[in-house]
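J.: Before I ask anything, here is the structure I am working with.
The values are calculated or read from the model by the stated rules, or taken from the named source; none is laboratory data. For clarity, every value in this text was computed on a predicted model and none was experimentally measured. So basically every Cβ, Gly included, is an ideal-geometry build from the backbone, and we count neighbours across all protein chains shown.
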Amino acid sequence: MDAASDPLGLAPLIRDVPDFPEPGIVFRDVSPLLAMPSAFERVVAELSAGVVDVDAVVGIESRGFILGAPVALHTGAGFVPARKAGKLPGECVSVAFALEYGEAVLELQAGAIEAGQRVLIVDDVLATGGTAAAAAALVEQLGGEVVGLSFLIELVALRGAERLDRFEHRSLLRY
C-alpha cells in the first residue's frame, strides 16, 4: 500500500492474518488500531466527516458495532445494531446474502428504523459488498433512507463498491 492509499497513516496498525477464517482468506485485524486511542479517535472522526442530518447509524456485526457506536455519538445520531440471524430479541426483518466465503442472514429489529429516518451504515471492511447491501436493504425495508456507507477498509479487488454504486460510500483504506 502506498502513502496515497493511506493518507491517515493507519495501514501499519492493521495486521494481516493469512488463512483466517478459511484457507485463502486474508483477515484484516484492526485490533492494534483499536488499542491505540489516538488512531481510533482519528478513524471515528474520519468516518463521521461530512455526515450531517443523520438520525441513526447502523453498525454491522461485529466490528461495525465497535466503529459505528462512536460514530453515532460523534454525529449525534442513535445507534442501531445489524446482527446475524437469531441474535436480536422481538420481531425482526431479515435479508439473506452471500459472503466472500459463504452465506449469511442479517437482521434489524422491526421499528429500529422509522420511516423517513436518514441512516449512515458503518462497517470495518467492504469486501464483496454483500453484507453492506443487505444492511441497506433492511434499512429501506423499514422505510429509512440510506444517506451513506462508511468503511475503515475496502478490499478493492473484490469489487464490493460496485454493488453499492447507488449510495454515497467511502473507505479510509483501500487494499
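J.: For Val80, are the conditions met, namely being modelled with pLDDT of 90 or more and either touching a Leu at 6+ places or on another chain (Cβ under 8 Å) or part of a helix (DSSP H, G or I) (or both)?
T.: The answer is yes for Val80.
J.: Right, Val71: within 27 Å of Gln109 (Cα to Cα), assigned to a strand (DSSP E or B) and modelled with pLDDT of 95 or more or not?
T.: no
J.: Can you tell me how many residues within region 68-88 are in contact with a strand residue (DSSP E or B) (Cβ under 6 Å, 6 or more places away or on another chain), touching a residue at least 40 places away in the same chain (Cβ under 8 Å) and closer than 10 Å to Ser48 by Cβ?
T.: Looking only at that region, the number is 2.
J.: Ok, one more. Filtering region 20-32 down to residues that are in contact (Cβ under 8 Å) with a residue 24 or more places away in the chain and surrounded by 12 or more Cβ atoms within 10 Å (Cβ to Cβ), which residue is nearest to Leu73 (Cα to Cα)?
T.: Val30
J.: Would you check which residues across region 50-60 are touching a residue at least 40 places away in the same chain (Cβ under 8 Å) and surrounded by fewer than 19 Cβ atoms within 10 Å (Cβ to Cβ) and list them?
T.: Asp53
J.: Is it the case that some residue within region 1-12 is surrounded by 13 or more Cβ atoms within 10 Å (Cβ to Cβ) and under 23 Å from Val80 (Cβ atoms)?
T.: No, because not a single residue in region 1-12 is surrounded by 13 or more Cβ atoms within 10 Å (Cβ to Cβ) and under 23 Å from Val80 (Cβ atoms).
J.: While we're here: Among (1) touching a helix residue (DSSP H, G or I) at 6+ places or on another chain (Cβ under 7 Å); (2) more than 18 Å from Thr75 (Cα to Cα), where does Ser150 come up short?
T.: Against the list (1) touching a helix residue (DSSP H, G or I) at 6+ places or on another chain (Cβ under 7 Å); (2) more than 18 Å from Thr75 (Cα to Cα), Ser150 comes up short only on (2).
J.: Let me ask something additional. Filter region 83-94 down to residues that are in a loop (DSSP other than H, G, I, E, B) and closer than 21 Å to Gly143 by Cα, then give me how many there are.
T.: Result for region 83-94: 5.
J.: Considering (1) surrounded by fewer than 18 Cβ atoms within 10 Å (Cβ to Cβ); (2) under 30 Å from Ala110 (Cβ atoms), say which one Val44 fails and leave the rest.
T.: Here Val44 meets the rest and fails (1).
J.: So is Arg118 more than 30 Å from Pro23 (Cβ to Cβ) and among the basic types (Lys, Arg) or not?
T.: Answer is yes for this residue.
J.: Among the candidates Ala135, Ala115, Ala104, Ala98, single out the residue that is on the phi < 0 side of the Ramachandran plot and under 13 Å from the mean Cα position of the chain (by Cα).
T.: Ala135
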